[in-house]
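J.: One structure, pasted below without further comment.
The values are calculated or read from the model by the stated rules, or taken from the named source; none is laboratory data. Note that the coordinates shown come from a computational prediction; the quantities given were computed from them, not determined experimentally. FYI the Cβ positions are ideal-geometry reconstructions off the backbone, even for glycines, and counts take in every protein chain you see. Keep in mind that these areas ignore ligands, DNA and RNA; they rest on the heavy atoms of the full protein, side chains included. Shrake-Rupley method; radii C 1.70, N 1.55, O 1.52, S 1.80 Å.
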Amino acid sequence: MGISFHITSVREGTIFNVMQFLSLEKVTGMLNISFGREIPEVVIHFVSGKAAASEFGNLQGDMVLDLLLCQEYAVKEVNFAPGRESQFREESIIRANSLSGAMLNVSKDVDKCQARPFIFGLLKVQIPNSGPIESLLHVLHDFGKYQEFLQSIKPMDTDKEAPLTQCVLLHRALSRNVALYQAPLVPLKSFRPLLELVQPLEEKEAENLRGYMRSLLPHPRATHMPLERFYAFASAVESIAYRRGPECGDEARKVIYKLIQSTTKLDPINV
């Protein structure tokens, strides 16, 4: 009987570690990676320990590995089931000769990606003439449905480079509010006036606040935080401010209110 497993606690590096383990064990079967119940799964085909092919709807082959590393924080579950060598399409073949080579290439791609700070896989999206879409990952999975519209948006000097053409087009649309995340987003750079009110922070306060902020971001390089998560972060800062005194706390509350007001007006994002 071959190896099988189910992982529900996915942290940074989990996907690569799992794939490396399967490679060392020389398994044949399918690795299924889930972003949530309502989102299609990534499928990676292993043949005698080689990651032979990967599929996520319209994304195929090495493109899927780029997506996985970029959006690893969105992964909810990982499953592997052994089996016979399965059939897969030519375009889904992973081209690198080794897993380590493939992951090294992907890591370099993601590090250089200029669009990533504004690509949030789990957030709901609105694209004209398409109605509400449950997540940006749905758009990437079914990209053929939206490609014509996204390609019709005129390129500009502010466009960002990315390993995936899909992300170039999505960033272009989202950064100009042609397409929208349904949840209002608060830019991290706008936090500065609020954080300045509670300076200097004690070492433990600073450490706790940084850790809490990281936990609320869509991924580590995000430039924005969804408004509902900002409420939680702002509440933590407000608590610190009130420990400084009533005046500091009241001022923090005013700054938070102004931030929420400016966010819900949906001004151009320019990222």
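J.: Please give the number of the condition L195 fails out of (1) part of a helix (DSSP H, G or I); (2) surrounded by fewer than 15 Cβ atoms within 10 Å (Cβ to Cβ).
T.: Result: L195 passes all but (2).
J.: For the condition within 19 Å of H6 (Cα to Cα) and in contact with a strand residue (DSSP E or B) (Cβ under 9 Å, 6 or more places away or on another chain), what is the one hit in F88, F46?
T.: Going through F88, F46 in turn, just one is within 19 Å of H6 (Cα to Cα) and in contact with a strand residue (DSSP E or B) (Cβ under 9 Å, 6 or more places away or on another chain): F46.
J.: A further question follows. Quick one: is F21 without any contact (Cβ under 8 Å) to a residue 12 or more places away in the chain and loosely packed, with under 15 Cβ neighbours inside 10 Å?
T.: On the way: without any contact (Cβ under 8 Å) to a residue 12 or more places away in the chain: yes; loosely packed, with under 15 Cβ neighbours inside 10 Å: yes.
When the stated conditions are applied, F21 passes them.
J.: Here's a follow-up. Determine if region 176-187 includes at least one residue that is more than 30 Å from L259 (Cβ to Cβ) and of a type in the set (G, A, S).
T.: Kept after step one, since they are more than 30 Å from L259 (Cβ to Cβ), are these residues of region 176-187: none.
Checked against the condition, which is being more than 30 Å from L259 (Cβ to Cβ) and of a type in the set (G, A, S), region 176-187 yields no hits at all.
J.: Looking at (1) without any contact (Cβ under 8 Å) to a residue 24 or more places away in the chain; (2) at negative phi, can you tell me which one P128 breaks?
T.: With respect to (1) without any contact (Cβ under 8 Å) to a residue 24 or more places away in the chain; (2) at negative phi, P128 is out only on (1).
J.: If you don't mind, there's one more thing I want to ask. May I ask you to verify whether M63 is open to solvent by 40 Å² or more (accessible area, probe 1.4 Å) and of a type in the set (A, V, I, L, M)?
T.: When the stated conditions are applied, M63 passes them.
J.: Continuing with the same structure: Hey, any hits in region 251-270 for a residue that's surrounded by 14 or more Cβ atoms within 10 Å (Cβ to Cβ), of a type in the set (A, V, I, L, M, F, W, C) and under 22 Å from the mean Cα position of the chain (by Cα)?
T.: The answer is yes, given that some residue of region 251-270 is surrounded by 14 or more Cβ atoms within 10 Å (Cβ to Cβ), of a type in the set (A, V, I, L, M, F, W, C) and under 22 Å from the mean Cα position of the chain (by Cα).
J.: Name the residue that is nearest to D111 (Cα to Cα), counting only residues in region 198-228 that are open to solvent by 70 Å² or more (accessible area, probe 1.4 Å) and of a type in the set (D, E). Steps first, please.
T.: Keep residues of region 198-228 that are open to solvent by 70 Å² or more (accessible area, probe 1.4 Å), which gives 199-200, 202-204, 207-208, 210, 212, 214-215, 220-221, 228.
When the remaining residues are screened for being of a type in the set (D, E), the result is 202-203, 207, 228.
Working: E202: 32, E203: 30, E207: 25, E228: 28 Å.
Here the answer is E207.
J.: Same structure again: Whether any residue in region 132-149 is at pLDDT below 95 and out of contact with any Gly (no Cβ under 9 Å at 6 or more places or on another chain) is what I want to check.
T.: Here is the first cut: in region 132-149, the residues at pLDDT below 95 are 132.
If we keep only those that are out of contact with any Gly (no Cβ under 9 Å at 6 or more places or on another chain) too, we end up with 132.
Yes, there is a match, as at least one residue in region 132-149 is at pLDDT below 95 and out of contact with any Gly (no Cβ under 9 Å at 6 or more places or on another chain).
J.: While we're looking at this one, here's another question. For region 136-164, give me each residue that is more than 21 Å from P218 (Cα to Cα) and among the β-branched types (V, I, T).
T.: Selection gives I153, T158.
J.: Hey, another quick one. Identify, from the list L140, L150, L123, the residue that is outside any helix (DSSP H, G or I) and buried (at least 18 other Cβ atoms within 10 Å of the Cβ).
T.: Going through L140, L150, L123 in turn, the sole match is L123.
J.: Name the single residue, out of those in region 229-243 being farther than 28 Å from N177 by Cβ and surrounded by 14 or more Cβ atoms within 10 Å (Cβ to Cβ), that is farthest from the chain's Cα centre (by Cα).
T.: Selected residue: Y242.
J.: Keeping to region 80-117, report how many residues are open to solvent by 60 Å² or more (accessible area, probe 1.4 Å), under 14 Å from D66 (Cβ atoms) and part of a helix (DSSP H, G or I).
T.: 5
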